[in-house]
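> There's a structure below that I have some questions on.
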Amino acid sequence: MRMSKTLTSLLALTLGLGLAQATLAQEAAPAAPTADAPAAEGLSMGAAPADPNGPGSMYVEANFNDWEQRCIREEDGTNPCQLYQLLQDGEGNNVAEFSLFNLPAGNQAAAGATIIVPLETLLTANLVMKVDNTPEKVYPFSWCSNVGCVSRVGFTQAEVDAFKNGSKAVLTIVPVVAPDQKVALDLSLSGFTAGFNAVTEANTKNAGQ
């Protein structure tokens, strides 16, 4: 690999200091790189820390019982919001994440959701969901990443109304290591109506900016 002049000078200086030869001590040391000099190949020159409150950062706008209204900062101030809940198993272990957002009127789906479950989930068993005593519905998984496996779900207005009038939903997944078993996760609907209304109002306001 052909090295830049700056990197060659730095390596020569390091070797010279390590050998400590008298003859090298009499020679002039290479000049230090200036601010205008190009960065050495393969070396990071560092950068300012990212602004924790900058564009792309997330913040909690409000809490509605078991739900959080989470929003993402955008440069233009149109911060999209969604409802969020962390789902736990019967032993209190964090298992899944449920994020729901409203969709514009006129669509088949009145709301959409992103559901993230562990990587050890049996994908072919899909995700099963029901609200109170309503019939179950099955949803496929879309993809997996290092954070888990994702299912993107759409809800009709009738299903959103069921969330508003219900007490809890149940999400069921199947672990790969025990395909004959099912893991049922309770999704509390306490505070859902107020939270969904707040998210809808915020997103509608932002869309009009």
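Where a number appears in this text, it was derived from the coordinates with a stated rule and is not lab data. Because the structure is predicted, anything quoted here is derived from the model rather than measured. When we count neighbours, we look across all protein chains shown, and the Cβ atoms used for this are built from the backbone with ideal geometry, even at glycine.
> For segment 64-171, rounded, prolate or oblate, judged on the Cα gyration tensor with a ≥ b ≥ c (square roots of eigenvalues), a/c < 1.5 rounded, else prolate if a/b > b/c?
On the way: a/c = 1.42, a/b = 1.15, b/c = 1.24.
Here segment 64-171 falls in the rounded category.
> Just in segment 123-191: which trypsin sites (Lys or Arg not before Pro) are loop by DSSP and have at most 10 other Cβ atoms within 10 Å? List each step's numbers first, then the result.
Working: sites: Lys130, Lys137, Arg152, Lys164, Lys168, Lys182; in loops: Lys182.
Passing sites in segment 123-191 do not exist.
> Please report, in debye to the nearest 20, how large the charge dipole of segment 76-166 is about its Cα centre when each Lys and Arg carries +1 at its beta carbon and each Asp and Glu carries -1 there.
I would put it at about 220 debye.
> Another question, if that's okay. Please identify every one of the GluC sites (Glu not before Pro) in segment 88-135 that sits in a loop by DSSP and has no more than 16 other beta carbons within 10 Å of its own beta carbon.
Glu91, Glu120
> Give the cross-link partners of Lys168 among the aspartates and glutamates, using a straight C-alpha distance below 20 Å as the criterion and excluding same-chain residues fewer than 8 apart.
Asp66, Glu68, Asp89, Glu91, Glu97, Asp132, Glu136, Glu159, Asp186
> Which shape class applies to segment 126-209: rounded if a/c is under 1.5, otherwise prolate when a/b exceeds b/c and oblate if not, where a ≥ b ≥ c are the square roots of the Cα gyration tensor eigenvalues?
Oblate is the answer for segment 126-209, as a/c is 1.5 or above yet b/c matches or exceeds a/b.
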